[in-house]
1. If you take the residues in the range 4-38 that are at pLDDT 80 or above and either in a loop (DSSP other than H, G, I, E, B) or in the same structural domain as Ala537 (by TED's automatic domain parsing) (or both), which one is farthest from Gly523 (Cα to Cα)?
2. May I ask you to list the residues in the range 660-674 that are in a loop (DSSP other than H, G, I, E, B) and closer than 13 Å to Ser686 by Cβ?
3. Report yes if Arg640 is surrounded by 13 or more Cβ atoms within 10 Å (Cβ to Cβ), touching a strand residue (DSSP E or B) at 6+ places or on another chain (Cβ under 9 Å) and assigned to a loop (DSSP other than H, G, I, E, B), otherwise no.
4. Do the conditions hold for Gly681, that is, is it free of Cβ contacts under 8 Å to residues at least 24 places away in the same chain, surrounded by fewer than 18 Cβ atoms within 10 Å (Cβ to Cβ) and of a type outside the set (Val, Ile, Thr)?
5. Quick check: anything in the range 313-323 among the hydroxyl-bearing types (Ser, Thr, Tyr), farther than 16 Å from Glu399 by Cα and surrounded by 19 or more Cβ atoms within 10 Å (Cβ to Cβ)?
6. Among the residues of the range 351-367, are any of a type in the set (Asp, Glu), surrounded by fewer than 17 Cβ atoms within 10 Å (Cβ to Cβ) and assigned to a loop (DSSP other than H, G, I, E, B)?
7. Can Arg440 be described as in contact (Cβ under 8 Å) with a residue 24 or more places away in the chain, surrounded by 18 or more Cβ atoms within 10 Å (Cβ to Cβ) and either closer than 30 Å to Leu533 by Cβ or among the aromatic types (Phe, Trp, Tyr) (or both)?
Amino acid sequence: MTAPQPRGDVPRKKPSADRAAKRLGTLARKWGYLISTTAYLPHTPEEIERELGVLAGRLFDAVAGDPPDLAAAADAGGRLVELRCVGADSLRRSLEVLGKALVREPELRGTDGLAERVVLVLGAFSSGYGEMLREDIQKRQEGLSRALLKVEQETRQKHVISRAQFEEVFAGSASGVALTELDGRVLRANAALAKTLRRTPAEIAALTLFDLVHPEDVEQLRDGYRELVAGRLHRLRAGRRLVGKDGEPMWATFAASVIRDAAGAPRQLLTIVDDDTEVSLLQRRLSHQALHDVLTGLPNRQFFSTRLETLLRDADPARGVTLFHLDLDGFSRINGGLGQELGDRVLRGVAAKLKLVFEAEKALVARLGGDEFGVLVQNTAETPGVVALVRRIGTELGEAEYVDGQRGVAVSAAIGVVHRPPRDITPAELLQASDLTLRRAQRTGNQWGLFDRDLDRRDRHDFGLAASMAGAWENGEIEVRYRVLVAAASGAVAGVEARLHWNHPAEGVLPHETCVRRAAETGLALPLGTWLLRTAAERLAASGAGVPLVLELTAQQAADPDLVGEIRRVLDDTGLPPEHLRPGFPAAALTAEGGDAADNLKVLAEIGVRAEIHGFGDATCLTEFPVHAVRIAPNLAAKRDHPLVTGPLSALIDAAHTAGAAVSVAGVRTADEAAWWQDRGADLLSGPAFPGLPDGLPG
């Protein structure tokens, strides 16, 4: 981008192209992330980031121009439409992020009337966006008009053909068809109508249409036809009783329309008569299919949800209902390992077993979707307790089924139980409560869990926090802070650790651990972790502190295929020496299946980045990975004084030293704790006991 000349005669220092490019890259990355939340983009994130970087550069140049280059800004807005960034909020999000960046850009600060220039450029950008969007819509409308014209032409051709086909359709229709005068006199009747009425076409032609209808329904049908002929009805559809030759009444549906001449005047009536006996059967069958699972035959979620309100209302007020929400454990392994056909057989078996468990109860068993099932029991005096029913479910599902006489397949299920909810609870609230209870049981590793109002309220609160995190990040509520790491022996600053800090307007300050948990629940773990890495490194390099930076990686970050590449880019962009960046890998991630985290750690070691193992509690990992330091697992550190922990803890510290790794301990709160760890041989300490930080770094 081209920076404007500053005011006055003092020559301005030539801007750093590297710094400008870096800021453009950061802006493009954030712009791309925000705009991707507003519209589906048919491009990869790298392509979007590259395109938006070019557009951002044009806009910076447009602001710096004298006068501002509004044409270039308008072209940039049009290009945004060409990239299909046309969601409902795409332009608003773009203006927000660009407005902040243009006003804050260091290279533009000396520009006369910067705010006015930014407003003009963004106005032109919006105008170009709107004009291109209008042209795009116009092109689509023109295409639609051409398509409609083609359809009209084809319709005319079909109309000509339909005249020739009318006789074939009339004669071969499975529905009864009668062509009548406006007063109801039958001109022609097809064979299907004759069969329905058990008369011949000639017999029908000698009658009026009203002679074929039950006497009690004649006047209603006459009124309907009068409305139709008068034009007050476009099409008549009504259920009426027909009378066959034997006098036996039968229900049928009349669908009548007017045949008009070229001038639009009514000439004849065409009536289609369907025997509702077969139609009713078909409707019931279709209704059953719409409300029942095809595979298991159980009611589906839609049927289950609609029935909940009635069942809640009709339940015994004293005993209420109990909802069991089941999710099969490891069902994807059955599908993936043994095939979908076998998986379908297992699901049918689970449905049959659940019906067997609850056959003596007033219960509704349903398949809620995938491998989830729901059972609503209307409790009676004879209904077993919750624990007894959960055990029955587990026992029945655990009974192996032998497939092809060889494979014995059994499943288990996690169960969320809501026992005797309030009668005024809505079906949606009840299902949400059971789902939260089920997920809580799965998180804690329990086979089942009982609904707890306080825990439910906590989960809803946590999910609400997680849902608002993206907006908080965008609004600047989430910041990068640091905590100091000191040498246990001397107390000297030996490094700093980057931490997330959420200034929530209602909750107050939320710590790093809370931010990490909430980010993992909303898919922000990787982008937020990358932002933390880059921002922390940039600020540390700018501060000139010259101390190592420790960054605790999440399991997802540790296994990210782009981790090494991102760290390389951060080192190149900030000038931070590789040995001053120390990513902390979770010990569990290093031993996970796949080995991606382990591969990342080894590659980083090859380029001089000294990684750490966090959550250290097993010395065997030191035999496989080249690490600079280990951090004692929090659960071990918290129980350091326990007789069963103190000895193994000292052995772990000795093993780490033998492997050439420093030992770090986090969460040290007092000087006594620090002294305890120093006596045990710990090398690095951090926590509330050490508040000091190098100048220029926020704590």
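The values are calculated or read from the model by the stated rules, or taken from the named source; none is laboratory data. It should be emphasised that the depicted structure is a prediction, and the values quoted were computed from it without experimental measurement. Because the Cβ atoms are built from the backbone with ideal geometry, glycine has one as well, and the counts that use them run over all protein chains shown.
1. Thr38
2. Ala666, Gly667, Val668, Arg669, listed by residue number.
3. Yes, satisfied.
4. Judged against the criteria, Gly681 is not a match.
5. Looking through the range 313-323, at least one residue is among the hydroxyl-bearing types (Ser, Thr, Tyr), farther than 16 Å from Glu399 by Cα and surrounded by 19 or more Cβ atoms within 10 Å (Cβ to Cβ).
6. Yes: the range 351-367 contains one or more residues that are of a type in the set (Asp, Glu), surrounded by fewer than 17 Cβ atoms within 10 Å (Cβ to Cβ) and assigned to a loop (DSSP other than H, G, I, E, B).
7. It is false that Arg440 is in contact (Cβ under 8 Å) with a residue 24 or more places away in the chain, surrounded by 18 or more Cβ atoms within 10 Å (Cβ to Cβ) and either closer than 30 Å to Leu533 by Cβ or among the aromatic types (Phe, Trp, Tyr) (or both).
Okay, residues lined up against (1) over 29 Å from Thr646 (Cβ atoms); (2) buried (at least 23 other Cβ atoms within 10 Å of the Cβ); (3) not charged (D, E, K, R):
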position	(1), (2), (3)
Ala536	yes, yes, yes
Ala541	yes, no, yes
Val570	yes, no, yes
Asp573	yes, no, no
Glu593	yes, no, no
Ala605	yes, no, yes
Glu624	no, no, no
